[in-house]
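Take a look at the structure set out below.
The values are calculated or read from the model by the stated rules, or taken from the named source; none is laboratory data. Just so it is clear, the structure is predicted and the values come from calculations on it, not from any experiment. Every residue, glycine as well, gets a Cβ built from its backbone with ideal geometry; the counts of neighbours run over all protein chains shown. What goes into the accessible areas is simple: the full protein's heavy atoms, side chains included, and nothing from ligands, DNA or RNA. Shrake-Rupley method; radii C 1.70, N 1.55, O 1.52, S 1.80 Å.
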Amino acid sequence: MRVAMWSGPRNISTAMMRSFGARPGTVVVDEPLYAHYLSATGLDHPGRRDILASQPCDWPTAVASLLAPLPAGVTLQYQKHMTHHLLPQIELSWLESVTNAYLIRHPASVVASYAKVRGEPTLEDLGFPQQVSIFRRHPGPVVDAADVLRAPGSVLPELCAALGLPWDPAMLAWEPGRRDTDGVWAPHWYAAVEASTGFAPHDPAPPVVPPRLAGLVAAALPLYDELAAHRIR
């Protein structure tokens, strides 16, 4: 099985990758369309040069690598994707060859977190329109980050059942440290995950959204609500 997990930024996507990577017989792929995204947009992200050198910069080659035969002994491939990496020029028929799933987070939490690293995000930066567009064409199970953090031992078994996977409690804990499968951008973003041994507890404190970005939260909320209506609880 190949699971493509579609998430926006400032979510628990890397922790979720760690969780699936803890399953025996699983190989994970970390944001395989990132180099194409940077090459096509010209954006200057931390580690840009290393990212462009580490992955195919053309999406057909990147997608072909995702659909290539899996190594011996591997029964599950977990693909961690950022929805904003799926640019309009990328043809989507390959999504029929994977099992698609969706990791969502409330827009207020996303915006509050994103504003700390980039002052003026757009709706497309947050990936909500892209995520909804993918879901409408290729529906699949939806999990909310807050639900996972509140009760990983309940939500993750339900997610596995929805994907047609047997539940494995190994998904609840992992060894700390970096992985060979982590993207070359890990030194810039993965410090917290590298120190973790499981999902962090849910923080019930309301997010602090800068007033200038309140309209962005309002614009993203209907998109989030559409997906949240399908979420596993």
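Tabulated data
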read-out: Heavy-atom accessible surface of region 95-233: percent carbon and sulfur, 1.4 Å; value: 56
read-out: DSSP-loop trypsin sites (Lys or Arg not before Pro) across region 65-116, with at most 13 other Cβ within 10 angstrom; value: Lys116
read-out: Placed amide H near Val29: partners under 5 Å, 5+ positions off or other chain; value: Tyr78, Gln79, Lys80
read-out: Low-density loop positions, chymotrypsin sites (Phe, Trp or Tyr not before Pro), region 1-41 - DSSP coil, at most 12 other Cβ in 10 Å; value: none
read-out: Residue-wise HN-Hα coupling along region 77-94, computed from phi with Karplus coefficients 6.51, -1.76, 1.60 (Hz; x: Gly, Pro); value: 10, 10, 9, 8, 10, 9, 4, 6, 6, 7, 5, x, 6, 7, 6, 9, 4, 5
read-out: Cα pair distances exceeding 16 angstrom across region 1-100, given as percent; value: 57
read-out: For region 217-231, Karplus couplings with θ = phi - 60° (6.51, -1.76, 1.60), whole Hz, Gly/Pro x; value: 4, 4, 5, 7, 4, x, 5, 4, 4, 4, 6, 4, 4, 9, 6
read-out: Accessible area per residue in Å² at 1.4 Å probe, computed on the chain; value: 45
read-out: Positive-end residue, region 1-109 charge dipole about Cα centroid, Cβ charges, pick of Ala62, Thr14, Leu38; value: Thr14
read-out: Net length gained if the chain between Glu226 and Ala173 were fully extended (0.36 nm per residue, minus Cα distance); value: 16.0 nm
read-out: Computed Rg/Rh of the chain, alpha carbon atoms with Kirkwood Rh; value: 0.93
read-out: Residue among Pro169, Pro24, Pro88 with the largest mean-square fluctuation in a Gaussian network model of the chain, springs linking Cα atoms under 10 Å; value: Pro88
read-out: Selection from Pro207, Met1, Phe128, by position along the positive dipole direction of the chain (Cβ); value: Pro207
read-out: Debye intensity ratio I(q)/I(0), log10, region 38-170, q values 0.11, 0.12, 0.13 Å⁻¹ (C-alpha model); value: -0.51, -0.61, -0.72
